[in-house]
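**Student:** Quick one: the structure is below, questions incoming.
The values are calculated or read from the model by the stated rules, or taken from the named source; none is laboratory data. Bear in mind the structure is a predicted one, so any value in this text is a computation, not a measurement. The area values use the complete protein model at the heavy-atom level, side chains included, leaving out ligands, DNA and RNA. Shrake-Rupley method; radii C 1.70, N 1.55, O 1.52, S 1.80 Å.
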Amino acid sequence: ALGREDLDFVILENIGNLICTAEFDTGAALNVMILSVPEGDDKPLKYPVMFSMAHVLLVNKIDTMEYFDFSLERLEGHVRKINRNIKIFPLSAKTGRGMGEWIDWLEGTVAAWRERA
């Protein structure tokens, strides 16, 4: 009912906990999830369904890693056991670190999708 013929890109925010949101099909062409460093690198072990459904994982607040027992390597190891094909972008919305790579990937993905449509 959205009338997508004039739309190139739509973001549907499906908020909630890491259990419920993965169980509902929103009709999205691409599922992106955000994990904040303070949540912990063990979340893939606790909520595997969410990580198995995601195409992209944005790991936000990497500028705070020194204050938490958080390892990108440990997180990636947990995630890859569940979803080998997931694309992972470590970034900081505060400092901008990693944002360029994420935006470039997203723009390229949208452009490729338009070509196929």
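**Student:** Taking segment 65-93, which residues are at pLDDT 95 or above and of a type in the set (D, E, K, R)?
**Tutor:** Once the filter is applied, which keeps residues that are at pLDDT 95 or above and of a type in the set (D, E, K, R), segment 65-93 yields Glu73, Arg74, Glu76, Arg80, Lys81, Arg84, Lys87.
**Student:** Still on this model: Restricting attention to segment 34-44, does a residue exist that is under 12 Å from the mean Cα position of the chain (by Cα) and open to solvent by 30 Å² or more (accessible area, probe 1.4 Å)?
**Tutor:** So far as segment 34-44 goes, yes, one or more of its residues are under 12 Å from the mean Cα position of the chain (by Cα) and open to solvent by 30 Å² or more (accessible area, probe 1.4 Å).
**Student:** Moving on to the next point. What number of residues within segment 66-112 satisfy the criterion of being of a type in the set (S, T, N, Q) and open to solvent by 30 Å² or more (accessible area, probe 1.4 Å)? Spell out how you get there, then give the answer.
**Tutor:** Pass one, segment 66-112, residues of a type in the set (S, T, N, Q): 71, 83, 85, 92, 95, 109.
Checking the rest, the ones that are also open to solvent by 30 Å² or more (accessible area, probe 1.4 Å) come to 85, 95, 109.
Selection size over segment 66-112: 3.
**Student:** For segment 4-24, does any single residue satisfy the condition of being part of a helix (DSSP H, G or I) and modelled with pLDDT of 95 or more?
**Tutor:** Looking for residues that are part of a helix (DSSP H, G or I) and modelled with pLDDT of 95 or more, one finds none in segment 4-24, hence no.
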